[in-house]
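Written below as structure tokens is the structure these notes are about.
The values are calculated or read from the model by the stated rules, or taken from the named source; none is laboratory data. Everything numeric here is computed off the predicted structure, so don't read it as measured data. Quick reminder, even Gly has a Cβ in these numbers, built from the backbone with ideal geometry, and neighbours come from all protein chains shown. Side chains included, ligands, DNA and RNA excluded: accessible areas come from the protein's heavy atoms. Shrake-Rupley method; radii C 1.70, N 1.55, O 1.52, S 1.80 Å.
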Amino acid sequence: MRILMAASEAYPFFKTGGLADVVSSLSRALNELGHEVWLFVPYYRKLYEAKADRLPRLEQSGLTLEIPMSSRLVKAELLWTRLPQSDVTVMMIDQPEYYGRNSLYQEEGGDYEDNCARFCFFNRAVMEIARKLILRPDIIHVNDWQTGLIPALLDIEYRQHPAFRETGSVMTIHNLAFQGRFWHWDMLQTGLDWKYFNWEQMESFGQLNLLKTGIVFANKITTVSPTYAREIQTEKFGHGLEGVLKNRSGDLLGILNGIDERDWNPAIDPSLVSNYDLQTVMPGKAANKAELQSRLGLREDPSALLFGMVSRITDQKGFDLITARADEFLKENIQMIFLGQGDPFFENKLRDLQNQYPDRVSVTIGFDEELAHLIEAGSDAYFMPSKFEPCGLNQMYSLKYGTLPIVHQVGGLADSVRDASPANIEAGTATGFVMPEYTEKSLCEQVERAVKLYKDRAMWYRLVQTAMTRPFSWKRSAEKYLSVYRAAREPFIS
Ligand code: ADP
Ligand code: GLC
């Protein structure tokens, strides 16, 4: 198949969260199964330049386009390169005014005011480039609201063009909490007729909604775990779009993300001070733990139960529960390491905690890919008590690195972690600690269980071994995407 993948971020170029990892690893997995993939992203020049020495070189394509944006023409240039270790072509759309900023979506806690225009432009540029270069995609796969306009453009403006006559579209929802909602006048940025601004298509509660647009116009919809696919059709998890999703329930499928073992594998990970596998996990983790403790100024105590957490700092991820009860946890011989950035309220709460327990709590505010890997390797346990979690990659990375996660039983967390209940331990399937409810009490109970189990090292290492062998291969998930692709384009094949 000829697959056009579009997203607002892609590892290793531009990343704020799991979306970047998924878009790149899925593209590589599809490519390995013998398919042709073009991955389109905006060219965030400053972010690229900041680490250009570690990234593939970009080539000028020489292609320049003028995209109509409300009342003016805006220039787009195309750069291209390869995704490392693959034959995936990465197409970057250069538009300095829109993407030459310090960040992807926001600065100083506030979204860029012209985000609607920035991404509508990106969506139009993707379609125009595909048309100009006659890519003839069999599938256009879009991800999250930043690419939600594309399925509508395909249907309304491009379908009759020979390059798109047999093209199906698939939309993947990575997080329903972000919908790309804008005031109604932003409809002008989409370039589509006002007649589409109605409650069955692009409008939602009086606003323009780009995620809803994608959901409504895409031929098939996926999300990133089977449990989340069910949850988002309910009021509790639907963020107001449950009705729209229920309407399309027959076209909606949950496919669990995987782990890209080229990037996340303790046996070859260059960020670790000691690589390890199933046989060498005990000394391997001990060495990485000692390194973490000394690098981050924690007490060098091999027997402390070390919890790690690497995360966007938002309301979603359970920082309210952790910060409310941390004092209690720290009565035990526990240490905690946090790496993340985001909501200043929780950043400050974490800093306070670090000030209070300087040799047992470490807080790094920022984005640090290398430290993220070392934390996964050197920690014993991992916090991921998210309020909701579409899939979650960090709990899977934790399992792969033999770090037992505490998770809330929602979304992809429920689909990937097995609770250390006596029955599961007996059956040899236990891999972590599962909170049945999102409450402080439930989190405390899991921390207590972890502390208790950690005292029985033989048992703990049995769980570690089970965790490390859990299969989260991208190949299997990519095959599921392929069957969704086939179904999506079926109606258009002549
Ligand atoms: P989400 O996409 O909701 O943020 P995921 O668990 O799916 O959550 O993916 C998060 C990804 O982003 C992981 O690869 C994680 O290691 C990475 N990440 C998040 N915050 C940071 C940070 N501050 N530094 C380095 N990596 C981070
Ligand atoms: C989103 C979700 C996360 C998921 C990731 C990749 O950011 O919050 O749960 O793993 O997308 O699909």
To make sure I understand the rule: partners must be lysines, Cα under 20 Å from the Cα of K236, and not fewer than 8 residues away in the same chain. Which ones qualify?
K212, K246, K317, K387
Computed ³J(HN,Hα) along segment 95-102: with the Karplus parameters 6.51/-1.76/1.60, θ = phi - 60°, integer Hz and x for glycine or proline, the list is 8, x, 4, 8, 10, x, 10, 6
Once the Cα atoms of helix 369-378 and of the chain are each reduced to a long axis, what angle between those two axes, in degrees from 0 to 90 to the nearest 10, is obtained?
30 degrees
Work out Dmax and Rg for segment 399-457 from the C-alpha atoms and quote the Rg first, both in angstrom.
11.0, 30
For K46, give me every one of the lysines with a C-alpha distance below 16 angstrom, ignoring sequence neighbours fewer than eight places off in its own chain.
K15
Could you please report the charge total around I322, scoring K, R as +1 and D, E as -1 over all other residues with beta-carbon less than 10 angstrom from its beta-carbon?
+1
Given q = 0.24, 0.29 Å⁻¹, what are the Debye log10 I(q)/I(0) values for segment 141-188, with equal point scatterers placed on the Cα positions and solvent ignored?
-0.92, -1.06
Per residue of segment 401-417, in order, report the coupling 6.51 cos²θ - 1.76 cosθ + 1.60 (Karplus, θ = phi - 60°) as ³J(HN,Hα) in whole Hz, putting x for Gly and Pro.
9, x, 10, 7, x, 9, 10, 8, 6, 9, x, x, 5, 5, 7, 10, 10
If you average 1/r over every pair of different alpha-carbon atoms in segment 293-390 and take one over that average, what Kirkwood value in Å do you get?
13.4 Å
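Taking the Cα centre as origin and putting +1 on Lys and Arg beta-carbons and -1 on Asp and Glu beta-carbons, what dipole magnitude results for the chain, to the nearest 20 debye?
840 debye
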Cα-based Rg and Dmax for the chain, in Å, come out at 22.8, 68
Note the angle between two axes, namely the Cα long axis of helix 115-132 and the longest principal axis of the Cα atoms of the chain, as a number of degrees from 0 to 90, rounded to the nearest 10.
60 degrees
How big is the gap, in Å, between the Cα center of segment 416-491 and the Cα center of segment 330-376?
24 Å
Note on segment 281-471: contact order normalised by length, alpha-carbon pairs under 8 Å, 6 or more apart, percent, works out to 21 percent
Per DSSP, the loop-located chymotrypsin sites (Phe, Trp or Tyr not before Pro) within segment 109-183 having at most 11 other beta carbons within 10 Å are W183
Using only the alpha carbon atoms of segment 281-471, find the Kirkwood hydrodynamic radius as the inverse mean reciprocal pair distance, in angstroms to one decimal.
16.2 Å
Angle check, please: helix 344-356 long axis (alpha carbons) against the longest principal axis of the chain (alpha carbons), in degrees 0 to 90, nearest 10.
20 degrees
Compare the peptides 256-263, 197-204 by average per-residue count of other Cβ atoms within 10 angstrom and give them in order, highest first.
256-263, 197-204
Selection from Y481, M1, L296, by position along the positive dipole direction of the chain (Cβ)
M1
How high is the relative contact order of the chain? Use alpha-carbon pairs under 8 Å, at least six apart in sequence, and give a whole percent.
13 percent
A 1.4 Å probe over the protein heavy atoms gives the chain a carbon and sulfur accessible-area percentage of 49 percent
Below 8 Å, C-alpha to C-alpha, sequence gap of six or more: please give me the relative contact order for segment 1-127 in percent.
24 percent
Return the loop-located trypsin sites (Lys or Arg not before Pro) in segment 1-92 (DSSP other than H, G, I, E, B) with at most 10 other Cβ atoms within 10 Å of their own Cβ; answer none if there are none.
R57
Can you return the lysines within cross-link range of K455? Criterion is Cα-Cα under 26 Å, with same-chain partners fewer than 8 residues away left out.
K285, K289, K331, K400, K441
Taking the highest mean first, how do the peptides 481-488, 236-243 order by number of other beta carbon atoms within 10 angstrom per residue?
481-488, 236-243
Long-range amide H contacts for F197: which residues qualify at under 5 Å (H placed 1.01 Å from N, peptide plane, sequence gap of 5 or more or a different chain)?
none
Under a Cβ-only charge scheme (Lys and Arg +1, Asp and Glu -1), can you give me the dipole magnitude of segment 281-471 about the Cα centre, in debye to the nearest 20?
420 debye
Put +1 on the Cβ of each Lys and Arg and -1 on the Cβ of each Asp and Glu in the chain; which of G432, C444, L154 then has its Cα farthest toward the positive end of the dipole?
L154
Structure-based [θ]222 nm, the chain - -39500 (n - 2.57) summed over DSSP H runs of at least 4, per residue, nearest 500:
-11000 deg cm²/dmol
